[in-house]
Amino acid sequence: MLLCPVIMAQRGKIMNIDFDKLIDRRGTSSLKWNVADGELPMWVADMDFAAAPPIYEAMKKRLGHGVFGYAVVNDEWYSAVQSWWSRRHGFAPKKEWMLFSEGVVPAISSFVRAFTAPGESVLLQTPVYNCFISCVVDNGRKVADCPLAYENGVYSVDFAALEECLAREDVKLMIVCNPHNPTGNIWDRQTLATASP
Ligand SMILES: Cc1ncc(COP(=O)(O)O)c(C=O)c1O
């Protein structure tokens with residue numbers, strides 16, 4: 001592995017994180033590593049690094065309390081999310097714009113139900129992360145497939161096909177995947193601006 005201890009800046013603190021440290025995950029009920037000896041499970045986006053020290057410490061502190069009843073989403077959560085967006089993207093989301101979700105996939109499934117009606121179509125740029133498709137189909141909506149162009153090993157947005165697909169009456173929602181899984185594309189400002197209806 002190429003990475004040596006990497007310096008990570010977090011909230012003004014500098015941390016040393018050793019990405020070279022190998023942690024054996026076999027026998028830990030890991031979906032990824034519950035495989036035969038010698039099998040290399042590269043199909044799932046599941047990191048083998050330990051969580052960053054502040055995350056680990058916060059969880060340890062919480063565990064130390066010993067009681068794990070029903071929880072509420074507290075103000076600290078809202079300000080942590082606001083701070084991340086503002087530090088990284090100069091964007092200041094208001095608290096009332098935010099809803100808590102336990103994962104990206106359940107959130108996608110919820111907004112498919114919120115913004116479309118059964119039988120309507122959702123535009124996806126394939127190939128794309130399989131759960132995007134199940135979030136549409138399992139909610140009784142249809143996939144409006146608008147494949148990415150593929151030339152000389154590079155994927156890109158086919159804007160003519162996209163325009164045609166967006167003009168369809170049945171297409172009510174488009175799900176943009178950025179960074180795009182599985183192509184690895186990080187869509188640049190120009191591409192996103194051109195693709196915005
Ligand atoms: C594009 C994309 N969205 C969502 C997910 C799932 O995210 P999570 O399991 O953190 O909800 C993945 C996982 O690989 C993904 O590739």
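Values in this text are rule-based calculations from the coordinates and carry no lab data. Small disclaimer: the values here were computed from a predicted structure and weren't measured. Using ideal geometry, Cβ is built from the backbone for each residue, glycine included, and neighbour counts are taken over all protein chains shown.
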>> Suppose the filter is within 23 Å of the chain's Cα centre (by Cα), surrounded by 12 or more Cβ atoms within 10 Å (Cβ to Cβ), assigned to a loop (DSSP other than H, G, I, E, B) and not β-branched (Val, Ile, Thr); does Cys177 pass it?
In response: yes
> Does region 43-72 hold any residues that are surrounded by 11 or more Cβ atoms within 10 Å (Cβ to Cβ) and either farther than 26 Å from Asn16 by Cβ or of a type outside the set (A, V, I, L, M, F, W, C) (or both), and which are they?
Replying inline: Asp46, Asp48, Pro53, Pro54, Tyr56, Glu57, Arg62
> What pairs come up if the first residue lies in region 167-189 and is closer than 17 Å to Trp43 by Cβ and touching a residue at least 60 places away in the same chain (Cβ under 8 Å), the second is near the ligand (Cβ under 9 Å from one of its atoms) and of a type outside the set (S, T, N, Q), and their beta carbons are under 6 Å apart, counting only those six or more places apart or on different chains?
Replying inline: Asn181/Tyr129
> Within region 157-174, which residues are farther than 14 Å from Leu192 by Cβ and buried (at least 16 other Cβ atoms within 10 Å of the Cβ)?
Replying inline: Asp158, Cys165, Val171, Lys172, Leu173
>> Considering only region 136-152, I want to know if a residue exists there that is closer than 23 Å to Ser196 by Cβ, surrounded by fewer than 14 Cβ atoms within 10 Å (Cβ to Cβ), touching a residue at least 12 places away in the same chain (Cβ under 8 Å) and not hydrophobic (A, V, I, L, M, F, W, C).
In response: no
